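In what follows, a structure is listed as C-alpha cells, so that the remarks can point back to it.
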4 protein chains.
Amino acid sequence: MTWTPPNGLRYPVAILGATGAVGQTFVRLLADHPWFEIAEIAASERSEGKTYAEAARWIEGVMPERVAGMIVRGTDPAGISSPIVFSALDSSVAGDVERAFAEAGKFVLSNAKNFRMEPDVPLVIPEVNASHLGLLDRQRRERGWTGAIVTNANCAATVAAVALAPLQERYGIEKLFLTTMQAVSGAGYPGVASLDIIGNVIPYIADEEPKLEREMQKLLGSFENGSVSLAAMQVSSQTNRVPVEHGHTVCITASFRERVSARDAIETLKAWEGDKLTFDLPSRPQHPLIVTDEVNRPQPRRDVDAGAGMSVIVGRVRDDTILDIRMVALGHNTIRGAAGGSVLNAELLARTGRLVVE
Amino acid sequence: MTWTPPNGLRYPVAILGATGAVGQTFVRLLADHPWFEIAEIAASERSEGKTYAEAARWIEGVMPERVAGMIVRGTDPAGISSPIVFSALDSSVAGDVERAFAEAGKFVLSNAKNFRMEPDVPLVIPEVNASHLGLLDRQRRERGWTGAIVTNANCAATVAAVALAPLQERYGIEKLFLTTMQAVSGAGYPGVASLDIIGNVIPYIADEEPKLEREMQKLLGSFENGSVSLAAMQVSSQTNRVPVEHGHTVCITASFRERVSARDAIETLKAWEGDKLTFDLPSRPQHPLIVTDEVNRPQPRRDVDAGAGMSVIVGRVRDDTILDIRMVALGHNTIRGAAGGSVLNAELLARTGRLVVE
Amino acid sequence: MTWTPPNGLRYPVAILGATGAVGQTFVRLLADHPWFEIAEIAASERSEGKTYAEAARWIEGVMPERVAGMIVRGTDPAGISSPIVFSALDSSVAGDVERAFAEAGKFVLSNAKNFRMEPDVPLVIPEVNASHLGLLDRQRRERGWTGAIVTNANCAATVAAVALAPLQERYGIEKLFLTTMQAVSGAGYPGVASLDIIGNVIPYIADEEPKLEREMQKLLGSFENGSVSLAAMQVSSQTNRVPVEHGHTVCITASFRERVSARDAIETLKAWEGDKLTFDLPSRPQHPLIVTDEVNRPQPRRDVDAGAGMSVIVGRVRDDTILDIRMVALGHNTIRGAAGGSVLNAELLARTGRLVVE
Amino acid sequence: MTWTPPNGLRYPVAILGATGAVGQTFVRLLADHPWFEIAEIAASERSEGKTYAEAARWIEGVMPERVAGMIVRGTDPAGISSPIVFSALDSSVAGDVERAFAEAGKFVLSNAKNFRMEPDVPLVIPEVNASHLGLLDRQRRERGWTGAIVTNANCAATVAAVALAPLQERYGIEKLFLTTMQAVSGAGYPGVASLDIIGNVIPYIADEEPKLEREMQKLLGSFENGSVSLAAMQVSSQTNRVPVEHGHTVCITASFRERVSARDAIETLKAWEGDKLTFDLPSRPQHPLIVTDEVNRPQPRRDVDAGAGMSVIVGRVRDDTILDIRMVALGHNTIRGAAGGSVLNAELLARTGRLVVE
C-alpha cells in the first residue's frame, strides 16, 4: 500500500538532532512551511523526554511556539511515525541511525557526511543536479530499503558547486583551486571557542579539504545509465576558519576544457537559472546565483541573507594569470549549505512525485 | 668627501611620514636601536612644527619619551641633516619626496610602492636576496644620484617570499597560487572602518593583487651582471581583508621545475637559514623562517609575534592534488612586512659597507 | 494659503545629509513608506550634482532603485521644494541649515543635537512624550518661523528613555545610573577605525555623557502650560564603545520616589503600550517595549532587529542592592535611535494634523 | 620537624588543574620563576598518566619544554610531594580537593571561589590587604590543618579592589556601583562559544554579581583581632561579557564617607604604592596601579599587558553627578585576576616567612 498525504494537508515530518545548530535551523525553516509540518522532533538520549524548549539552547531568535512544547523523542525509527525525516545528526551516529530509518521505510534527508559518497546515494543541490535523484531506484533495489536516503553536500562544497555549475555545464571544468574562509556557525554550537577565533584565523578545519574536493566531483558529475559519473576535474583546496558568524566565502580559480574569458564566464553565470524542475519549489530563491559587479563584494556580513539565505553570490569574476578565471563565491552555510538545502531536496522529492513511502 | 659614522656612535636617521601607522612602528623599532638613532622626524604640512606627541595619534603602546618632544619637520631634504632616511610616506607623495632625498645624497629606505619595480632599484628582503643591493651602483650611475633608494616589498609579498625562498633556491618555482587573508593594520590608520570588517570578510584590496604578483617575481629573481632577472614563475593571487589586527596569512599552492614532495619541502624549509650576510644583523630573528608541525597553525593571534614580529611561520605543508605542494604562511605585516623590513635593509647596508654618503 | 497633500498621495520629503550612515538608513526606511515619498535628496557640496549612487558609499544592502539615479542637491532651502525635511546632517552644519529650512517654512525632523535642548524645540519619542509636540506653537510664535524643527534624541538616550518611561510615569525616577555599551554604527561611517575596536573596548565617546544625562531629563519631563519641565531626576552615566555593529546596550540602576520592587517594575513594564496616539502609526512596532525573562538577554546580535529595529528590549530586571532596581535595555541605534525615530516623529506630526505648512 | 627550602634552591610546587586556561597561565608564569620550580602537575582523571603536552590543548604561545614532558598526576595529595600547591581547579571539585591538600600539610594557593568567603580563609591581593594573611593562624588552629588555604579573588573583584584600595584607605567608600565588561578568557577554555559573542554583548555572567559584591567587602575589609571585618560599604554590580580576549574593564561610580573630588582622588591614586611588604616580590609590578590622563583609556587591547599583566590601569577619573566620582579600571583577568595573583600571594607567604610546612 502506498502512502500519500491527504489533499491539502502538509506532510508530517520529523527532525533528528533537532537541538543542535543545524537542527534549530530546520525547526525555524519548517515552522511555517507550506508543504511540511513538524510532527516530531528527536535528539540524543540526553534530551529525550524533555520539552524542546528545555532541551535546546536556542540560538535562532524566537523559538516557534508550537515546537517549544513538543516532547523530544529518541532516534529510534520505532518511535517516529512521520514518513519524512530531516537529519541534523552528528556523523558519529548518523550512519547507523539514518540507515535504520531508511530500512524502516522513511525518506531521510541527511546533512551528515556518512552516505554522501556512496555510489547509490544522491548528493543533491536541486538547481544543479536534480537528475541525481535517479539514483534512488538503484539505492532501494540494491539495499532492499523501502525508504531512502538523500544527502546534501558539505556547506563549502555547496557554495562552490552552485557558483561553478553554470561553467561546468557549458565549458567543462579542468582544474579547480578553492581557498575558503568559513564562518564559525559551520562548526555547530558551541563549536569554535571564542578564545580561538576572536581577531584570528585558523588555517585548518578537520577533514574539510578531502570532503570538499571529493564532493565537488560528485555534485558536478552527470547522471547516466543509473549512475553518477564523477566530474573529470582536478580539485585542490585550502580551508580556513574566520571570525564570521554566517557565510562561507570561497576564492575560486579555474581552468576549463576550452579557454574561457571572464567576460564569457560572467555572461554564462548571469544567464543561469538552474534546473527547471526547481522553478516552483517554495524554498528556491528567485535567483539561486547572483552575480555582483561591485568590486569588493560578495561580503558575508552584507550578502549572506540574499534570497533568504538560499542564494549564492558571485563576484570579482576576472581573468586569471595562470588558469582561465578567478572569482569569489559566498553562501549561507547553515541555510543553503545545510538545513535549507535539505528542505529544498525534500521539496524536489515531493514535486517530482518521489515522496511515496510503502 | 666621504661620510662615516664616528666610532661607537650611532648613525643619525630621519623618519618620513612618522605620524602614520608604519611611521609609528619605525619610531618604536628605532627608539632603542644599537646602530641607528632617531635624529629627525618629518611628516606632512599638517603636522609640521608640532611636537611629535601633538602630531601623532599614537597607537603603539607607550610613546618613546625622547621622541615625544621632537619637533616634526617638513619632508624637504633641505631641512633634514641625517644621512639615512626611513620613509613611511604614502605612495601619493613618496615618488617625488624620495627622489628628492636620493638626489640630495640620502640613503632612502622606502616602504612605498613607487620605486619597487624600477629595474635599478633594489627590492630587498635581506635573508632572501641580499645580492640585489648590487643594483645600487647602476642606480647611482644611471640616475646621477649621490644618495640611493632601497625598497622593501608589499607586506603580503614579503611573507610569501620568505616562505618560498628556500624552495625557489632549491627547486625553482613554476606556478604559484596565493590567497591571502590580511590584517586591518595593513591598511594603515584609521584605515579599514569597523563597520566594514567586524564579523566580515572583504574579498578585495585595491591594487594589491598585481603588486603581489609582480613583486614576487622580482624578490625571488636573481642578480646577474648588474641586473635583477625576474623569476620565471607564473603567479596568480586573490587578496582578502579579514578582522585580524596584525598578521597576514597566505595560503600557497605551488609547483616546481621538478616534482617536489611535501616531505622534501619541509626538510628544505627547516634547513634554510637565509643569507649568511644577515647572521649578525640586530633585527634579524634567530629563525627568519619557522616551520610548525601543529596541524592548525600558523595563526595570526598566536604566532604573529614570533621573532619579535620578524619571523615568518609556515605550517600545513602537504602534498597537493594538482600541483606539488600547498602550505600556509604567516608574518607580521607592519613589522617584517613594513617598518622592520626597512630597518633590516638599513642594517644590511651598514653591514656590507654601503652606508657611505658622499 | 495652506499646503495639504493631495488625497491618497504621499507627502513628498527631502533627506538632508543623505549620503552618510544615518542618511542611508533614512533612504532605506522611506523608500517604501506609505505616507512619505522621497522626492529630493541633499548632501554637502562634495556630493552635489552627482547621482545618489555615485555620491553614497552605500552600506545598507541593496540601494533602492528609484533613489539611485536621483541627483544630489545642495542643502539650501531654495533648492528644495518638499515641505518635509529629514535631517541627518552633522552637528557642525546642522544648526544653520536646519534653521534656514524652518524659516523657509519646512518641517524639519532632525537627528542633530543642535536644537534638542532648546526650550521651544520638541525632543520627541512618540510613545513616550507625544505631548511635547505642543511646544511647536510656542516655537513658531517666538521664532517667527512658518516651518518648525522637531528633534529626536541621542541614540543611547532613546533606548534608556523608552525602557524607563513606564517606570517614570508610574513611580517617578529619583536617581539613575546608566552605563552604556554602544555599537560602532553610532559613530557613523567610516566612524570608528577597526584598529581601535577589534577585540577592544573604548571607555569614552566624545560629548556623549552630558548629552545622555540632559536629554533623559527632557525626554521624561512633562509638558505643562506650553513648556516642558525637565524631570526632577538625577542622572549619572558612563558611555563605552564596544565591537558590536548595531545595538546600544544600557545597564540601568534606578531608585524611585517610592520603593519599587523588581516584581512591580516588571509588571509595569509589561503592561505599558505607549501613547495611544501612536497606535496606528506605520513605523510604530506592535510592542515598543519588550520585556524578556531569559536570564542572559537582551543581546545586540540576537535582539536588535525586534520590531524591525523599533522595539526596545528590556531584561534582567532585578532588585538592586543599593537603589531599587537594576536592568538591561537594548535598542537599535540607527533605526529607533536615529532615522526610524525621526520617521516616527513625522508620522506623529501627520497623524495629529500638524503637517500643515503655510 | 619543619620544612625549609635548601639555600639557593627554589621551592618545588605543584599545579592542580594544570591543563585548563588558568592552569596554563600558571605553567607559563612559573616556568622561569626565581623562587618556585614546577615539580609536579596534576589534573583530572582524563589527563592522568599522559604527558602534559598530550593532555593540554595549549593556548599560551610556546609550551615550556621542561613541562611538556612531565607526566600529569591525579589530584590526590598522596601523589604530590611538593609543599606548595597552586590550584586552578574548577569550583565543582576544588572544595574537596583543596581541603584534602591543606589537611595533608600543603600550602594551597587557590583560584576557586569555594573557600574565599570563609571567615578563617584569607582572600588576598598583596598590595591591598597583606595583613589578611593573619587569618592563617586561626585557620590552622580551628581546622586542625598542618597546611593552609590562601585564596585570590574573582577576576573582576581583583581589578576593582586594586583600583579602589587607595580611596578606601584614605576616604572610606560608602556606595559603589560597578558595571563590568569582561573578557572571554575569564570563562576559561573552551569557555564562551564564538557564536555567542562575535559582534555581541552578553549582559550576564552566571553567579558573577553576588561574588563580585561580596568579595569587594572582604578584600577592602580590615584585619583586626584575628578577624577580617567586612568593609562597611554598599556594592551594586552589573556584569557583562564582551568580545575581548583578555582584560576586564570596570566602570566605577563611588561615594565616600566624606565628599571627595576627582582631583583629590587622582592625587591619592597616583601616590599609592601598595603594602611595603610587597616591594621586593618578584611578580609585583613596579606600579600596581597606573593612572592614565588620556581621555579614552584604559583600553583592554592597548593596556592589558602593563606591568606584565600585573598592573591595574585607571582612567577617566572625574566628578560624578550623583555620587562623588566615577572612573574606569582595567586589569588582566587571567594574570593579575587569576594565576599571577596566586603566584604573588605565594611570594608574599614566602617573603613573610609563612611558607613553613610541618
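The values are calculated or read from the model by the stated rules, or taken from the named source; none is laboratory data. If you're wondering where the values come from, they're calculated on a predicted model, not measured in any experiment. Cβ sites come from the backbone with ideal geometry, for glycine too, and all protein chains shown count toward neighbours. Only protein heavy atoms, including side chains, enter the accessible area calculation; ligands, DNA and RNA are left aside. Shrake-Rupley method; radii C 1.70, N 1.55, O 1.52, S 1.80 Å.
So is B:Asn333 open to solvent by 10 Å² or more (accessible area, probe 1.4 Å) and either over 18 Å from B:Glu267 (Cα atoms) or touching a Ser or Thr at 6+ places or on another chain (Cβ under 7 Å) (or both) or not? Can you show your working first?
Values: open to solvent by 10 Å² or more (accessible area, probe 1.4 Å): no; either over 18 Å from B:Glu267 (Cα atoms) or touching a Ser or Thr at 6+ places or on another chain (Cβ under 7 Å) (or both): yes.
In short, no.
Test of understanding: among A:Asn152, A:Asn114, which residue is closer than 21 Å to A:Leu289 by Cβ and in contact (Cβ under 8 Å) with a residue 12 or more places away in the chain? Break it down into steps so the answer makes sense when it comes.
On the way: A:Asn114 fails: closer than 21 Å to A:Leu289 by Cβ.
Only one candidate qualifies: A:Asn152.
Of all residues in segment B:207-251, count the ones that are within 8 Å of chain A (Cβ to nearest Cβ) and out of contact with any Pro (no Cβ under 9 Å at 6 or more places or on another chain).
Residues that pass the stated criteria total 4.
Return the residue satisfying two criteria in turn: it lies in segment B:162-190 and is assigned to a loop (DSSP other than H, G, I, E, B) and open to solvent by 40 Å² or more (accessible area, probe 1.4 Å), and of such residues it is farthest from the other protein chains (Cβ to nearest Cβ). Don't jump to the end; show me each part of the working.
As a first pass, look at segment B:162-190 and keep what is assigned to a loop (DSSP other than H, G, I, E, B): B:172, B:183, B:188-190.
Next, from what is left, pick out any that are open to solvent by 40 Å² or more (accessible area, probe 1.4 Å): B:189-190.
Numbers: B:Tyr189: 5, B:Pro190: 3 Å.
If we take residues in segment B:162-190 being assigned to a loop (DSSP other than H, G, I, E, B) and open to solvent by 40 Å² or more (accessible area, probe 1.4 Å), then B:Tyr189 is farthest from the other protein chains (Cβ to nearest Cβ).
Tell me the residue from D:Thr268, D:Thr292 that is among the hydroxyl-bearing types (Ser, Thr, Tyr) and out of contact with any helix residue (DSSP H, G or I) (no Cβ under 6 Å at 6 or more places or on another chain), please. Break it down stepwise before answering.
Details: D:Thr268 fails: out of contact with any helix residue (DSSP H, G or I) (no Cβ under 6 Å at 6 or more places or on another chain).
None of the others qualify; the one that does is D:Thr292.
Check every one of the strands (runs of 3 or more DSSP E) wholly within segment C:275-358 and list those with 3 or more residues that are of a type outside the set (Lys, Arg) and under 28 Å from A:His246 (Cα atoms).
On the way: elements: C:289-291, C:312-319, C:325-331.
Once the strands (runs of 3 or more DSSP E) in segment C:275-358 are filtered for at least 3 residues that are of a type outside the set (Lys, Arg) and under 28 Å from A:His246 (Cα atoms), what remains is C:312-319, C:325-331.
Residues that are more than 24 Å from the chain's Cα centre (by Cα), without any contact (Cβ under 8 Å) to a residue 12 or more places away in the chain and surrounded by fewer than 20 Cβ atoms within 10 Å (Cβ to Cβ): which helices (runs of 4 or more DSSP H) entirely in segment D:1-100 hold 1 or more of them? Outline the logic, then answer.
Values: elements: D:21-30, D:52-55, D:65-68.
It comes to D:52-55, D:65-68.
Answer yes if at least one residue in segment B:22-30 is aromatic (Phe, Trp, Tyr) and over 22 Å from B:Val93 (Cβ atoms), and no otherwise.
Initial filter on segment B:22-30 (aromatic (Phe, Trp, Tyr)): B:26.
In the following step, the residues that additionally are over 22 Å from B:Val93 (Cβ atoms) were identified as none.
Within segment B:22-30, not a single residue is aromatic (Phe, Trp, Tyr) and over 22 Å from B:Val93 (Cβ atoms).
Any residue in segment C:279-291 that is open to solvent by 60 Å² or more (accessible area, probe 1.4 Å) sitting within a Cβ distance under 9 Å of a residue that is of a type in the set (D, E, K, R)? List the pairs, counting only those 6 or more apart or interchain.
Note: pairs meeting the criteria are C:Phe279/C:Glu273; C:Asp280/C:Arg351; C:His287/C:Glu273.
Suppose we filter C:Val27, C:Val67, C:Val62, C:Val22 for residues that are closer than 28 Å to A:Ile313 by Cβ and in contact with an Asp or Glu (Cβ under 8 Å, 6 or more places away or on another chain); which single one remains?
C:Val27
Could you please let me know if B:Val159 is touching a Gly at 6+ places or on another chain (Cβ under 6 Å), touching a residue at least 40 places away in the same chain (Cβ under 8 Å) and either away from chain C (no Cβ under 14 Å) or surrounded by 24 or more Cβ atoms within 10 Å (Cβ to Cβ) (or both)?
Numbers: touching a Gly at 6+ places or on another chain (Cβ under 6 Å): yes; touching a residue at least 40 places away in the same chain (Cβ under 8 Å): yes; either away from chain C (no Cβ under 14 Å) or surrounded by 24 or more Cβ atoms within 10 Å (Cβ to Cβ) (or both): yes.
In short, yes.
In segment B:283-302, how many are more than 14 Å from B:Val162 (Cβ to Cβ) and not polar (S, T, N, Q)?
Going through segment B:283-302 one residue at a time, the tally reaches 7.
Given the criterion over 21 Å from D:Leu220 (Cβ atoms) and either within 11 Å of chain C (Cβ to nearest Cβ) or touching a Gly at 6+ places or on another chain (Cβ under 6 Å) (or both), identify the matching residue among D:Arg257, D:Arg297. Walk me through how you get there before you give the answer.
Details: D:Arg257 fails: over 21 Å from D:Leu220 (Cβ atoms).
Every option except D:Arg297 fails the conditions.
Looking at (1) assigned to a loop (DSSP other than H, G, I, E, B); (2) surrounded by 18 or more Cβ atoms within 10 Å (Cβ to Cβ), which one does A:Glu118 not meet, given that it meets all the others?
The one condition A:Glu118 does not meet is (2).
Looking at the structure I just gave you, is D:Gln182 within 21 Å of D:Gly315 (Cα to Cα) and among the polar types (S, T, N, Q)?
Details: within 21 Å of D:Gly315 (Cα to Cα): yes; among the polar types (S, T, N, Q): yes.
Considered against the rule, which asks whether it is within 21 Å of D:Gly315 (Cα to Cα) and among the polar types (S, T, N, Q), D:Gln182 comes out as yes.
Of the conditions (1) within 20 Å of the chain's Cα centre (by Cα); (2) surrounded by 18 or more Cβ atoms within 10 Å (Cβ to Cβ), C:Trp145 satisfies every one except a single condition; which number is it?
Tallying (1) within 20 Å of the chain's Cα centre (by Cα); (2) surrounded by 18 or more Cβ atoms within 10 Å (Cβ to Cβ), C:Trp145 fails exactly one: (1).
Could you go through segment B:340-350 and let me know if any residue there is more than 18 Å from B:His132 (Cα to Cα), in contact (Cβ under 8 Å) with a residue 60 or more places away in the chain, away from chain A (no Cβ under 14 Å) and open to solvent by less than 10 Å² (accessible area, probe 1.4 Å). Lay out the reasoning, then the answer.
Step one: of segment B:340-350, the residues more than 18 Å from B:His132 (Cα to Cα) are B:340.
Of the ones still in play, those that are also in contact (Cβ under 8 Å) with a residue 60 or more places away in the chain are B:340.
Next, from what is left, pick out any that are away from chain A (no Cβ under 14 Å): B:340.
Now narrow it down to the ones that are open to solvent by less than 10 Å² (accessible area, probe 1.4 Å): B:340.
Within segment B:340-350, one or more residues are more than 18 Å from B:His132 (Cα to Cα), in contact (Cβ under 8 Å) with a residue 60 or more places away in the chain, away from chain A (no Cβ under 14 Å) and open to solvent by less than 10 Å² (accessible area, probe 1.4 Å).
Which residue out of C:Ile252, C:Ile266 is open to solvent by less than 10 Å² (accessible area, probe 1.4 Å) and of a type outside the set (Lys, Arg)? Steps first, answer last, please.
Details: C:Ile266 fails: open to solvent by less than 10 Å² (accessible area, probe 1.4 Å).
The unique qualifying residue is C:Ile252.
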